[in-house]
Structures are given as C-alpha cells and as structure tokens.
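First up is the structure itself, then whatever we jot down about it.
The values are calculated or read from the model by the stated rules, or taken from the named source; none is laboratory data. Keep in mind the model is a prediction, meaning the values are calculated, not measured. Every residue, glycine among them, receives a Cβ derived from its backbone with ideal geometry; neighbour counts consider all protein chains shown.
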Amino acid sequence: MIEVFAFATPNSVKVPIALEEMGLDYRLVPVNLRQGEQKTAAFKEMNLNAKVPVLVDRDPKSGDGKVVLSESAAILVYLAEKSGQLLPTEEGRRGKVFEQLFFHASGLSPAFLQAFQVSIQSPPQPEAKERALAEVERVLGVLNHVLEHHKYVADNEYSIADIAHFGWIWRHQAIGASLDKFPNVRRWYGEVSTRSAVVAAVEKTLALAR
Ligand SMILES: N[C@@H](CCC(=O)N[C@@H](CS)C(=O)NCC(=O)O)C(=O)O
C-alpha cells in the first residue's frame with residue numbers, strides 16, 4: 001500500500017491523480033498545513049524541506065525496504081516507472097514529457113506560487129499582484145502555444161506532464177487568473193478536469209481540508 005502525505009493543495013493533488021489514473025492502491029494521510037504539521041520533526045524526517053506531498057511506498061518494484069520521496073515531479077516519474085504508465089518509452093516522446101515536467105517545476109509552478117502568495121498578502125499589494133499575474137499569463141501563453149497543435153502538453157498522449165500542470169492550473173481562479181485569453185489551455189483544462197480519475201482525486205484531496 002502506498003501512502004501519500006498531503007493536504008488540499010496544488011502540488012498534493014497531482015499524486016492522487018496519478019495513482020487514480022494508474023489504478024494503484026493508496027491511502028491519503030492528511031498533513032494540516034494550516035496547523036503547521038509539515039514543520040513537525042516527524043514530518044521533516046520524511047522531507048527536510050517541510051512541504052507536501054510526500055510518498056511512502058513500502059512495496060517498491062525493486063530494492064529493499066521502503067521508498068520515501070518528496071517533490072511532486074519526482075513522485076510522478078517514480079509512479080510512472082513503477083506502473084509502466086503515462087511516460088512513453090520512446091526517447092523523443094519521453095524527452096518531451098521531461099521538458100514539460102522541468103518547465104512546470106522551474107516556470108509554471110513558481111509563477112503560480114508567487115501569485116498565490118501575493119494574493120493572500122495583507123495589506124493587499126496591487127503592484128506586486130499585477131507583476132505576479134503578468135508572469136502567470138506569460139507561462140500560460142507558452143502552454144497555450146504548445147497546446148495549439150497538440151491534444152496534450154507533451155504531444156498527443158496524456159502523460160504525467162499533464163498531471164503536473166493540472167495541479168496548479170486547477171487553482172487558477174484562486175489566484176485571480178483567467179483562462180479566457182488562452183483557448184487551447186481552456187480546452188485542455190476542460191478535458192483533463194472531467195477525467196474520472198481526476199474528479200475522484202480532486203474530491204479526495206479537497207476532503208483533506210474539511
Ligand atoms: N517543489 C515542491 C513544492 C511543494 C510545495 O510547495 N508544497 C506546498 C503545498 S502546495 C507546501 O507544503 N507548503 C507548506 C509550506 O511551505 O510551509 C513539489 O513540487 O512538491
């Protein structure tokens with residue numbers, strides 16, 4: 001059984017989505033960020049960086065003992081390799097999935113995180129908000145271009161790269177962003193958000209904060 005230490009957050013939701021898509025058994029273990037549970041010594045033993053998600057696999061495909069992993073993109077790659085799903089083996093297509101995963105980790109995710117942090121600042125900082133949203137729009141523009149000629153973000157096959165981007169784009173309204181100017185992203189978002197695995201994972205992830 002795989003355990004996922006998570007909360008109702010954009011980085012957390014990626015992991016149950018992948019697990020639902022792959023049909024792997026798992027259990028979500030809530031880590032209440034509002035109460036600072038990610039900073040406890042017990043949690044930091046799993047992830048010194050004190051952030052969710054963390055995956056614990058007591059039954060890895062090879063090797064002894066358990067695997068404990070942080071960093072949502074690394075977890076997605078681990079699960080794809082474990083299940084043999086959502087990561088193509090052909091090197092060019094596999095490279096494209098990694099391109100999007102790295103773009104996610106170094107571009108889209110930091111832009112959305114910055115915009116989220118600015119959006120909850122008190123007192124409000126309109127200039128900082130405008131700057132942060134401009135960067136969100138820039139990265140959404142890049143993705144819109146990618147999706148102009150492809151069904152999914154790494155070519156025409158759904159992959160872990162779609163799951164990575166979905167995690168943050170799922171929260172676009174919360175940071176005050178709109179997909180209206182990005183019709184290809186909107187089309188992709190509508191399609192991904194209605195997949196049964198995504199609906200189930202989102203529901204279970206949101207329940208962590210109830
Ligand atoms: N690069 C990490 C980022 C993880 C991350 O930022 N997690 C947030 C929730 S989405 C968190 O745990 N924040 C709590 C904190 O910073 O104290 C990943 O992709 O997993």
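List of remarks:
- Taking the range 60-73 as the range and being surrounded by fewer than 11 Cβ atoms within 10 Å (Cβ to Cβ) and either on the phi < 0 side of the Ramachandran plot or within 16 Å of the ligand (Cβ to nearest atom) (or both) as the test, the residues that pass are Ser62, Asp64.
- Within the range 15-57, restricting attention to residues that are assigned to a loop (DSSP other than H, G, I, E, B), β-branched (Val, Ile, Thr) and in contact with a strand residue (DSSP E or B) (Cβ under 8 Å, 6 or more places away or on another chain), the residue that is farthest from Ala164 (Cα to Cα) is Val31.
- Some residue of the range 36-43 being more than 14 Å from the ligand (Cβ to nearest atom), at negative phi and either buried (at least 21 other Cβ atoms within 10 Å of the Cβ) or outside the structural domain of Ala201 (by TED's automatic domain parsing) (or both): no
- Test for Lys51: is it surrounded by 13 or more Cβ atoms within 10 Å (Cβ to Cβ), closer than 27 Å to Glu3 by Cα and out of contact with any Phe, Trp or Tyr (no Cβ under 9 Å at 6 or more places or on another chain): yes
- With respect to the conditions (1) within 15 Å of the ligand (Cβ to nearest atom); (2) of a type in the set (Val, Ile, Thr); (3) under 22 Å from Asp162 (Cα atoms); (4) crowded, with 22+ Cβ neighbours inside 10 Å, Val97 lacks only one, and its number is (1).
- Close contacts from the range 20-48, counting a first residue that is in contact (Cβ under 8 Å) with a residue 12 or more places away in the chain and farther than 17 Å from Ile75 by Cβ and a second that is near the ligand (Cβ under 10 Å from one of its atoms) and among the hydroxyl-bearing types (Ser, Thr, Tyr), with Cβ to Cβ under 9 Å and a gap of 6+ residues or different chains, come to Leu33/Thr9.
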